[in-house]
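Participant: I am attaching a structure below and will ask some questions about it afterwards.
The values are calculated or read from the model by the stated rules, or taken from the named source; none is laboratory data. Keep in mind the model is a prediction, meaning the values are calculated, not measured. Don't worry about glycine lacking a Cβ; one is built from the backbone with ideal geometry, like all the others, and counts go over all protein chains shown.
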Amino acid sequence: MEEPRRVSEDAPPARGKSLAMIFQKASTRTRVSFEVAMSRLGGHALFLSPRTRRSAGGADPDTARVLSRYADAVMIRTFATKRRWSSLRPRPSR
């Protein structure tokens, strides 16, 4: 088995950053890969299940807009086509 690549401990590129992960379509491999990557880069991944979003009462594009105010990045695993999400614009980096 190969030794996993390590990020320099001196300056993790995602230190203090958060990633909100929205899943409509369940994917263990996608969730684990993003969580491990954020951890190795010094950041934190926040998993949002469909059940969590439903209790908030918001539509998915609206949820993504709101989350973008709190998280540094938003990742979406969905059944939807590209067009449905095209109205979302990336926010300027901080």
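Participant: Quick one: residue 28 ticks every box in (1) modelled with pLDDT of 80 or more; (2) in contact with a Leu (Cβ under 7 Å, 6 or more places away or on another chain); (3) within 21 Å of residue 79 (Cβ to Cβ) bar one, so which box is it?
Facilitator: For residue 28, the exception is condition (2).
Participant: Using beta carbons and a limit of 6 Å, which pairs, at least six apart or on different chains, have the first residue in region 48-75 and among the hydroxyl-bearing types (Ser, Thr, Tyr) and the second one crowded, with 16+ Cβ neighbours inside 10 Å and at pLDDT 70 or above?
Facilitator: That search, which allows pairs on different chains as well, returns 68/74.
Participant: Give the residues of region 19-38 that are more than 15 Å from residue 71 (Cα to Cα) and part of a strand (DSSP E or B), sorted by residue number. Spell out the reasoning first.
Facilitator: At the first step, the residues of region 19-38 found to be more than 15 Å from residue 71 (Cα to Cα) are 23-33, 36-37.
Answer for region 19-38, where residues must be more than 15 Å from residue 71 (Cα to Cα) and part of a strand (DSSP E or B): just 23.
Participant: With the requirement that a residue be loosely packed, with under 13 Cβ neighbours inside 10 Å and at pLDDT below 90, what does region 1-23 give you?
Facilitator: The initial filter retains those residues of region 1-23 that are loosely packed, with under 13 Cβ neighbours inside 10 Å, namely 1-6, 8-11, 13, 15-16.
Passing the criteria: 1, 2, 3, 4, 5, 6, 8, 9, 10, 11.
Participant: Could you check how many residues of region 68-94 are part of a helix (DSSP H, G or I) and at pLDDT below 85? Reasoning before the result, please.
Facilitator: Taking region 68-94 as the starting set, the residues that turn out to be part of a helix (DSSP H, G or I) are 68-70, 82-85.
Now restrict to residues that are at pLDDT below 85: 68, 82-85.
Qualifying residue count, region 68-94: 5.
Participant: It is to be established whether one or more residues within region 39-58 are of a type in the set (S, T, N, Q), modelled with pLDDT of 70 or more, part of a strand (DSSP E or B) and in contact with a Phe, Trp or Tyr (Cβ under 9 Å, 6 or more places away or on another chain).
Facilitator: Just the residues of region 39-58 that are of a type in the set (S, T, N, Q), to begin with: 39, 49, 52, 55.
Imposing the further condition that a residue be modelled with pLDDT of 70 or more reduces the set to 39, 49.
So of that shortlist, the ones also part of a strand (DSSP E or B) come out as none.
No, that holds for no residue.
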